[in-house]
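These notes are about the structure you will find just below.
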Amino acid sequence: MKTQAAIVLALLALTAAPASAAANKEHLQLLAEIRMLQEQNAQLQGLIGALTDTLKTVSTKLDDQAAVNRKAMADQTLAVTNMGDNVRVLREKTDETNVRISSVSQEIEALRQAISSTQPSQPVGVPPTVNPTDPNAAAATSQPPAGGLPPGISPQRAFDTSNDDYTAGRYDLAIQGFQAYLQAFPRMANAADAQYNIGMSYYNLGKWNEARDAFQKVITDYPQQTRQVSDAYYKLGMSFERLNQVDEAKKAYEAVVQKYPGSSAYALANQALQRLNRREEDDPPADGS
């Protein structure tokens, strides 16, 4: 019996030894694979760190480039704005130069006409014959022709002379002077002001029909002169009121309110229009319409 037990134990030992060796081999293989995975994980962590640094570098470069682009765009915008301002200034100077050239041309033409009109009709060096007994002869040779400007007078001098009469309240003389100015220099820069002052002179004289026509002429003849036209519309409305033409007055005031909201006459015209509207509400027509 003991011999048989020993044999069984020996057989068990022989069968257990290969199984233990196989387990150890599998364990070692697992350990080797774990080490490989750890090494690969370390490599991946290194790659991730390198990629992170690269992304940071790229982001920094992109931010720097964006800042450069923004600065370049701002510089270009500023340059374009400056160019626009320069073009506007040049256009204004060109317009001013054209006005000055026109003024000089008209002054030259006026001087040419004055020289032509004052040239002697008799031989040079022979003074004109004047009757010493005629008291009007000397005055006739020195006075300008009636209804016109003195020979050789410049446009600005002609306007200033008439404007002095206007500001001094010599409205009849101002009307004559401004009319002569417009006849001689219809395209000068002060032409619209001259026509407006004619209307104001008539208005101050209480000649409402003449004032109405003069203000209307400012509107029709000088439509590009915003300041004078807006003021003329307002004064046209006042002239219509003096003539008891309320509907026409309201149309004139409405023209200022609708077309020239930024003008100096806007507030006055708006107040006058509201005043007329309130008057119609307080005093309705007798027929109830």
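The values are calculated or read from the model by the stated rules, or taken from the named source; none is laboratory data. Predicted model, so just to flag it, every value in this text is computed and none were measured. Positions of Cβ are backbone-derived with ideal geometry, glycine not excepted, and every protein chain shown enters the neighbour counts.
Does residue 203 count as touching a residue at least 24 places away in the same chain (Cβ under 8 Å), of a type in the set (Ser, Thr, Tyr), closer than 26 Å to residue 168 by Cα and crowded, with 23+ Cβ neighbours inside 10 Å?
Numbers: touching a residue at least 24 places away in the same chain (Cβ under 8 Å): yes; of a type in the set (Ser, Thr, Tyr): yes; closer than 26 Å to residue 168 by Cα: yes; crowded, with 23+ Cβ neighbours inside 10 Å: no.
For residue 203, the condition - touching a residue at least 24 places away in the same chain (Cβ under 8 Å), of a type in the set (Ser, Thr, Tyr), closer than 26 Å to residue 168 by Cα and crowded, with 23+ Cβ neighbours inside 10 Å - is not met.
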Residue satisfying all of: in the range 207-229; over 17 Å from residue 186 (Cβ atoms) and surrounded by 24 or more Cβ atoms within 10 Å (Cβ to Cβ); nearest to the chain's Cα centre (by Cα) among these: 215
Given (1) at pLDDT 95 or above; (2) of a type in the set (D, E, K, R); (3) not in a helix (DSSP H, G or I), number of the condition residue 134 does not satisfy: (1)
Any chance residue 4 is modelled with pLDDT of 70 or more and of a type in the set (S, T, N, Q): no
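Pick from the range 244-272 the residues that are of a type in the set (Gly, Ala, Ser) and touching a residue at least 24 places away in the same chain (Cβ under 8 Å): which of them is nearest to residue 232 (Cα to Cα)?
265
Among the listed residues 242, 275, identify the single one that is closer than 14 Å to residue 212 by Cβ and assigned by TED's automatic domain parsing to the domain that holds residue 210.
Of 242, 275, the one residue that is closer than 14 Å to residue 212 by Cβ and assigned by TED's automatic domain parsing to the domain that holds residue 210 is 242.
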Pair list, Cβ < 8 Å and 6+ apart or interchain, from the range 162-186 residues that are in contact (Cβ under 8 Å) with a residue 60 or more places away in the chain and assigned to a helix (DSSP H, G or I) to residues that are buried (at least 22 other Cβ atoms within 10 Å of the Cβ) and among the aliphatic types (A, V, I, L, M): 184/149; 184/158
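Determine whether residue 259 is of a type in the set (Lys, Arg), more than 25 Å from residue 166 (Cα to Cα) and loosely packed, with under 15 Cβ neighbours inside 10 Å. Walk me through how you get there before you give the answer.
Values: of a type in the set (Lys, Arg): yes; more than 25 Å from residue 166 (Cα to Cα): yes; loosely packed, with under 15 Cβ neighbours inside 10 Å: yes.
Answer is yes for this residue.
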Conditions (1) assigned to a helix (DSSP H, G or I); (2) closer than 22 Å to residue 149 by Cα: number failed by residue 258: (2)
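So if I check each of 250, 217, 235, 207, which one is farther than 27 Å from residue 155 by Cβ and basic (Lys, Arg)? Lay out the reasoning, then the answer.
Working: 217 fails: farther than 27 Å from residue 155 by Cβ; 235 fails: farther than 27 Å from residue 155 by Cβ; 207 fails: farther than 27 Å from residue 155 by Cβ.
That would be 250, the only listed residue that is farther than 27 Å from residue 155 by Cβ and basic (Lys, Arg).
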